[in-house]
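The block underneath contains the structure these notes are about, expressed in structure tokens.
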Amino acid sequence: MDLAMLLERCKAGDELAWEALVRQFQARVFGIAFHYVGNVEDARDLAQEIFIRIYRHLDLCGDEQMFVPWLIRISRNACIDHLRRRKARPVLSDIAVEEMIHLQAPGPNPEEHWMADSRKRVIHLAFRKLTSLNREVILLREILGLPLEEIASMLEIPLGTVKSRINRARIELAERVRALAANAGEPAPLERS
Amino acid sequence: MKTKCSDFEDRLSDILAEALPPADLRVAMEHLAECPRCRQLLEVARGEMDLLPSGSRQELAREILRKTSGLACGRVREQLCDFVDGRLPHDDARILAIHIENCRACAGLARILEELSAVLPGMAELDPGAPFTREVLAATSRRERCKPQRREFLAEWWNAVMRRPRFAWEAAYVGTLLLALVIGNPALMSMAASTPLDEVRGKTRQAWTTATRELTGLSSAATSGAAEAAGRLSQKVSTNPVQARESAARLWQKGQGWAAHMVSLDFARIRDWSARVLWMVRDSWISLGLDRTFS
């Protein structure tokens, strides 16, 4: 669907276009929220809050090329606000990240599905164990695929620092995946021929 | 003359460098044809044969590196992401590939990095479930976009204030300050508070009522004057347009004069009322003995 047209109609107050926009981006917004906060309930509430912010400030968004970075920026700010609030008023319990397993789409056959889910679970657990800084650069670069310049502007750090930080974060993630897989007795990672 | 193995060994470096005179080379070749040991030596020297089994070769290399430059795994980790992404210059990539072929740990990391590059982008989108869209639409569609209601804005502001980590401290601080000012003041505590306070309240109310009455009177006079003038003008327009135009011009000039007068009058009156209110408050303040508090 043409994003420019969708945005234009949303800005004009077209409710149907807004619904289409929500449906198109809800998985991504929810994904960002989940990767930041680490549990489904909070991520769902947070994703709603993010969409309400987007709805109210849609006029501030530029053209369609700016929309996704803008959406990610709004989502990130909302997640950081949420984490600050949670730090100030910690919740009693935190739902485990294993919940993500229920959110994933089924694979082509049960064995492959199990392997894929199991592997993704290991990767996600390793991701959650990263330092918050490394987790954020992995999320912005490797998961969301933002350009390095955008990440540098978002995190307010030099471009060179972003590059080296991403490399370090990737290596740390790979090492954690290897350690977790070894502990779980899983097969060696992707021995592809 | 029969060449011995020791003679061949002496000439080996010249053979490899192709610097042996033709006569000597012929003699060496004749010896090679007869001696399997020297043939093997030449193959090894040319790098065409490796006498070490694979495991021992790895071990030997590791031992040599340990005693010289040390293992290069740390250096590899700096370049491994670029290697996996194919962004490393060709020569660097070839050198790094040699390390990876011979280092199980680095090879494992490289494989995981490749896997992550394939898996991570797929984690960007997670389905929040069917009710989510309905909930978002319910929370947004019936609102006036970009203009949150004042009540919602206040509620958001209040929630944000309440969620601040130091809110309790700040509230306690402000409350303590107020209590110290009102209750902790010895001058205030020593007097009968009700009568002078009532006096202040009464005088302030009186000043406010006067100011409101004056402003209301001024406003209604201006409104009725304007309405009357407009009525007269419309009557003239219907009977005599030329005279109406002249009247309108006169009225415009008069209006400018009135406006200038009203503005100066207003400013003068407002200044006067403000001064009166301030003096009343000051008198009441002095009568309560509060002027000593800040002196």
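Contact map, the stretch B:119-137: first residue without any contact (Cβ under 8 Å) to a residue 60 or more places away in the chain and farther than 20 Å from A:L16 by Cα, second residue in a helix (DSSP H, G or I) and acidic (D, E), Cβ cut-off under 8 Å, separation 6 or more or different chains; pairs are B:L120/A:E142; B:P121/A:E142. Got at least one residue in the stretch B:64-83 being within 11 Å of chain A (Cβ to nearest Cβ), within 30 Å of A:A27 (Cβ to Cβ) and at pLDDT 90 or above? Yes, some residue in the stretch B:64-83 is within 11 Å of chain A (Cβ to nearest Cβ), within 30 Å of A:A27 (Cβ to Cβ) and at pLDDT 90 or above. Under 7 Å between Cβ atoms, which residue pairs at least 6 apart in sequence (or on different chains) link something in the stretch A:63-85 that is in the same structural domain as A:I151 (by TED's automatic domain parsing) and without any contact (Cβ under 8 Å) to a residue 60 or more places away in the chain with a partner that is of a type in the set (K, R) and surrounded by fewer than 15 Cβ atoms within 10 Å (Cβ to Cβ)? Taking only residues 6 or more apart or on different chains, not a single pair turns up.
Please work out if A:I52 is facing chain B (nearest Cβ under 9 Å), in a helix (DSSP H, G or I), crowded, with 22+ Cβ neighbours inside 10 Å and within 22 Å of the chain's Cα centre (by Cα). Against the criterion (facing chain B (nearest Cβ under 9 Å), in a helix (DSSP H, G or I), crowded, with 22+ Cβ neighbours inside 10 Å and within 22 Å of the chain's Cα centre (by Cα)), A:I52 does not qualify.
Of all the numbered requirements in (1) more than 10 Å from chain B (Cβ to nearest Cβ); (2) assigned to a helix (DSSP H, G or I), A:G62 misses one, and that requirement is (2).
Across the stretch A:29-45, what is the number of residues that are out of contact with any Phe, Trp or Tyr (no Cβ under 8 Å at 6 or more places or on another chain) and either among the hydrophobic types (A, V, I, L, M, F, W, C) or within 7 Å of chain B (Cβ to nearest Cβ) (or both)? Can you show your working first?
If we filter the stretch A:29-45 for residues that are out of contact with any Phe, Trp or Tyr (no Cβ under 8 Å at 6 or more places or on another chain), which is where we start, we get A:31-34, A:36-39, A:41-42, A:45.
Within this subset, residues satisfying the condition of being either among the hydrophobic types (A, V, I, L, M, F, W, C) or within 7 Å of chain B (Cβ to nearest Cβ) (or both) are A:31-34, A:37.
Matching residues across the stretch A:29-45 total 5.
Could you check the stretch B:112-136 and list, in sequence order, the residues that are at the interface with another protein chain (Cβ under 7 Å from one of its Cβ atoms), more than 29 Å from A:R176 (Cβ to Cβ) and not acidic (D, E)? Listed by number, the residues that qualify are B:F132, B:T133, B:V136.
Screening B:A155, B:A139 for residues that are assigned to a helix (DSSP H, G or I), at pLDDT below 85 and within 8 Å of chain A (Cβ to nearest Cβ) leaves exactly one candidate, B:A139. Suppose we filter A:R176, A:R165 for residues that are touching a helix residue (DSSP H, G or I) at 6+ places or on another chain (Cβ under 9 Å) and within 18 Å of B:E114 (Cβ to Cβ); which single one remains? When all the criteria are applied, what remains is A:R176.
The values are calculated or read from the model by the stated rules, or taken from the named source; none is laboratory data. Please read all numbers here as calculations on a predicted model, not as lab measurements. Please note: Cβ atoms are built from the backbone with ideal geometry, for glycine as well, and neighbour counts cover all protein chains shown.
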